[in-house]
Amino acid sequence: MAEIVAYFLLLSLLSVGGVNTIFPEMQRFLVEGGWMTAADFTQLFAVSQAAPGPNILITALIGWKVAGLGGAFAALAAICAPAMVITWWAGALWDRMRDAPWRVVVERSLVPVIVGLVLSGGYVLATPGGLGWRNILIAGSSAAAVTFTKLNPLWLLVLGGVLGALLFR
Amino acid sequence: MLALCQFLPGPNVANCSIVLGRRWFGLSGAAAAFSGLMALPFVWVLALAALYTGYGDDPLLRAVISGVGIAGAGLFIGTALKLARPIARRPVALAIVAGCFLAVGLARVPLLVVLPAALAVALLAARKRWI
């Protein structure tokens with residue numbers, strides 16, 4: 001567990017543009033380290049999506065699976081704390097630099113990196129057992145719905161659950 | 001303000017609670033805002049997880065949860081596609097997207113290697129107004 005906490009402290013600083021960008025890396029670390037299978041990770045992700053609250057709570061689930069309640073607290077704290085310390089200092093700085101030209105450059109440069117990483121996260125989470133037609137069908141339909149409609153994402157999770165029951169049993 | 005929370009590393013909720021808490025009440029305000037935002041969802045998600053472990057061996061439940069997870073992954077993909085709209089006609093930006101996806105999603109290169117490289121290329125491209 002100490003190893004996971006140490007790694008989450010580092011990941012916290014790499015999570016540019018929010019935690020959605022570090023999901024593929026989190027999965028790689030936990031699966032390659034033998035903490036859990038890719039299928040386990042997707043299941044924990046599902047639980048964290050189904051519960052109300054921020055995505056980052058998946059770290060609490062990971063800690064909880066590895067080391068119980070103490071692990072849940074430790075993992076969540078580790079992923080939040082370093083970034084929060086930076087934010088504490090940057091909050092004041094940011095207000096002063098509101099119109100600095102470099103800010104626009106940095107913001108623009110982040111967009112393609114964030115898109116690439118979030119796409120990777122979606123792909124990795126959608127294919128825990130390899131790429132198959134069922135995964136493509138379920139992930140593809142919710143991706144299309146979120147891109148082209150204003151449907152509440154909760155319905156897409158429900159639809160995913162129904163399709164899962166029909167296709168994976 | 002939201003832009004700041006999204007652009008800095010870390011969970012957006014955590015960052016926003018820090019920025020707002022600090023602005024209004026200082027350190028204790030930031031701590032209170034963070035705990036207030038996290039406490040209830042934390043209990044919720046663990047309760048759900050406990051429930052799930054109780055019945056986790058049931059193949060039907062596992063199938064349902066897998067479906068939910070894969071649909072959730074689809075939400076990520078959709079979100080990424082929406083984010084990509086402003087750069088859809090920017091070949092250099094699309095090349096960076098593809099490079100990140102190949103390295104992180106397919107080749108599974110550690111983020112610690114990919115991120116500095118990707119950010120360096122992206123910053124250069126943004127400076128030259130290619131993005």
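Which ranges mark the helices (runs of 4 or more DSSP H) fully within segment A:100-169 that have 2 or more residues being of a type in the set (D, E, K, R) and over 18 Å from A:V47 (Cα atoms)? Give the steps one after another, and end with the answer.
Working: elements: A:101-126, A:133-148, A:153-168.
Here the list reads A:101-126.
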> Taking segment A:63-99 as the search range and keeping residues that are under 23 Å from A:Y7 (Cβ atoms) and aromatic (F, W, Y), which one is farthest from the other protein chains (Cβ to nearest Cβ)?
Replying inline: A:F73
> Among the residues of segment A:130-139, is there at least one that is crowded, with 24+ Cβ neighbours inside 10 Å and free of Cβ contacts under 8 Å to residues at least 24 places away in the same chain?
Replying inline: yes
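Yes/no per residue for (1) more than 9 Å from chain A (Cβ to nearest Cβ); (2) in contact with a Pro (Cβ under 8 Å, 6 or more places away or on another chain); (3) closer than 22 Å to A:G116 by Cα; (4) surrounded by 13 or more Cβ atoms within 10 Å (Cβ to Cβ):
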site: B:G21; (1), (2), (3), (4): yes, no, no, yes
site: B:L27; (1), (2), (3), (4): no, no, no, no
site: B:L48; (1), (2), (3), (4): no, no, no, yes
site: B:Y52; (1), (2), (3), (4): no, no, no, yes
site: B:L75; (1), (2), (3), (4): no, yes, yes, yes
site: B:G105; (1), (2), (3), (4): no, yes, yes, yes
site: B:L111; (1), (2), (3), (4): no, yes, yes, yes
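From the list B:V68, B:V64, pick out the single residue that is touching a Leu at 6+ places or on another chain (Cβ under 6 Å), at the interface with chain A (Cβ under 7 Å from one of its Cβ atoms), in a helix (DSSP H, G or I) and within 25 Å of A:L44 (Cα to Cα). Walk me through it before giving the result.
Details: B:V64 fails: touching a Leu at 6+ places or on another chain (Cβ under 6 Å).
After applying the criteria, what remains is B:V68.
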> What about A:A81, is it farther than 26 Å from B:F101 by Cα and at pLDDT below 95?
Replying inline: yes
> If you go through segment B:79-94, how many residues are over 17 Å from A:S142 (Cβ atoms), at the interface with chain A (Cβ under 7 Å from one of its Cβ atoms) and β-branched (V, I, T)?
Replying inline: 1
> Is segment A:44-60 home to any residue that is more than 9 Å from every other protein chain (Cβ to nearest Cβ) and either more than 13 Å from the chain's Cα centre (by Cα) or not in a helix (DSSP H, G or I) (or both)?
Replying inline: no
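The values are calculated or read from the model by the stated rules, or taken from the named source; none is laboratory data. Not measured: the values here are computed from a predicted model. All Cβ positions, glycine included, derive from the backbone under ideal geometry; neighbour counts span all protein chains shown.
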